[in-house]
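The values are calculated or read from the model by the stated rules, or taken from the named source; none is laboratory data. Quick caveat: nothing in here was measured; it's all calculated off a predicted structure. We place every Cβ from the backbone using ideal geometry, glycine too, and count neighbours over all the protein chains shown.
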């Protein structure tokens, strides 16, 4: 079994007006997404991606399950941009590590990567970059067309060659990690890696003491170094480690969505001669009217029973149900979404309202409302840099 402890922090920086980064971390998965696009589109893409990947991990904590969830996030972002023309061009990077199931009941860390957000491994004060940036300049470095020093100042260093919401199919770097007790992993947006040198990152991230102080110091140092972009960092430290039975290091493509099943087309050869009528047309009309009334009753009851969505508390985490809170006849509400937010990350009055159930007309409206309540809770906090050890902070940014 593999276990870690964790901390995270984020900051808007000194130049950007909004934070379009999004992240989530708990005791089994860590995610950082760096949104890009105007009209708040970057924050939409990063938030949608974190939600989709997190829920996909919950449903199927395997390599295939997470890759499938990332592919679904890519399709959702593309569809959302098509539905809202003002969001054309929005997208996001993704760097994520999940403790995934292996045969025998063990879990091992697996890294998933798209874009130029980075993952670093720290061991005994030494820093090793685990991910490769999917940008034009870095691709040219790997091809030998640029030196690493030239890539740092090249005008195409921020032009991504891979990102969620850009195109189909999406290529995802997947890498099984070999870790030891005491190792630390740092996931960060490029607002941190662009401002700090590898030596600075290694010194700050591996400093003795609690993770909260280290991750806060990383974000603060990147801000003082220029803060030209949003800055997000997730730091985990392994307290128990299990060696993977199979090492994976490859590029994977998500499977295509399952197409709807086509109805079989009747062949003219299969037509049979019409049977002799048993009922008169009057009998048929009466039966048709009765059938329509029965169908209409059930259709109306089903529509009413599931026309509502509401927020609720499920073991301390905010979830979304579809249906009426107390059910209607035999139609019972069912869980449709587990959000990244905990009840502790809401104001007292908002917690009380959710306990009493808060209804919304759609899943999207419910997600927007809980995100708003979480943002209001953040605004009520006395600090400007958000650090958490238990849940997710989603803030949104405009990429390069």
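What the table below lists for this structure:
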quantity: Count of residues meeting criterion [in contact (Cβ under 8 Å) with a residue 60 or more places away in the chain and in a helix (DSSP H, G or I)] in segment 23-63; calculated: 13
quantity: Check on residue 6, touching a residue at least 60 places away in the same chain (Cβ under 8 Å), surrounded by fewer than 24 Cβ atoms within 10 Å (Cβ to Cβ), in contact with a helix residue (DSSP H, G or I) (Cβ under 8 Å, 6 or more places away or on another chain) and part of a strand (DSSP E or B); calculated: yes
quantity: Candidates 260, 255, 208, 244, filtered to the one that is within 24 Å of the chain's Cα centre (by Cα) and modelled with pLDDT under 95; calculated: 255
quantity: Strands (runs of 3 or more DSSP E) wholly inside segment 322-395 that include at least 1 residues being modelled with pLDDT of 80 or more and more than 19 Å from the chain's Cα centre (by Cα); calculated: 358-360
quantity: Matching residues, segment 169-220, being in a helix (DSSP H, G or I) and surrounded by fewer than 18 Cβ atoms within 10 Å (Cβ to Cβ); calculated: 198, 199, 200, 203, 212, 213, 217, 220
quantity: Some residue of segment 78-90 being in contact with a helix residue (DSSP H, G or I) (Cβ under 7 Å, 6 or more places away or on another chain), within 20 Å of residue 159 (Cα to Cα), assigned to a strand (DSSP E or B) and in contact (Cβ under 8 Å) with a residue 40 or more places away in the chain; calculated: no
quantity: Flag for residue 81 being modelled with pLDDT under 95 and more than 30 Å from residue 209 (Cβ to Cβ); calculated: yes
quantity: Among the residues listed as 20, 59, the single one being in contact with a helix residue (DSSP H, G or I) (Cβ under 8 Å, 6 or more places away or on another chain) and more than 25 Å from residue 372 (Cβ to Cβ); calculated: 59
quantity: Some residue of segment 322-337 being out of contact with any helix residue (DSSP H, G or I) (no Cβ under 7 Å at 6 or more places or on another chain), farther than 30 Å from residue 375 by Cα, touching a residue at least 12 places away in the same chain (Cβ under 8 Å) and surrounded by 10 or more Cβ atoms within 10 Å (Cβ to Cβ); calculated: yes
quantity: Test for residue 76: is it closer than 18 Å to residue 22 by Cα, more than 10 Å from the chain's Cα centre (by Cα) and surrounded by fewer than 23 Cβ atoms within 10 Å (Cβ to Cβ); calculated: yes
quantity: Hits in segment 302-321 (condition: part of a loop (DSSP other than H, G, I, E, B) and at pLDDT below 85); calculated: 306, 307, 308
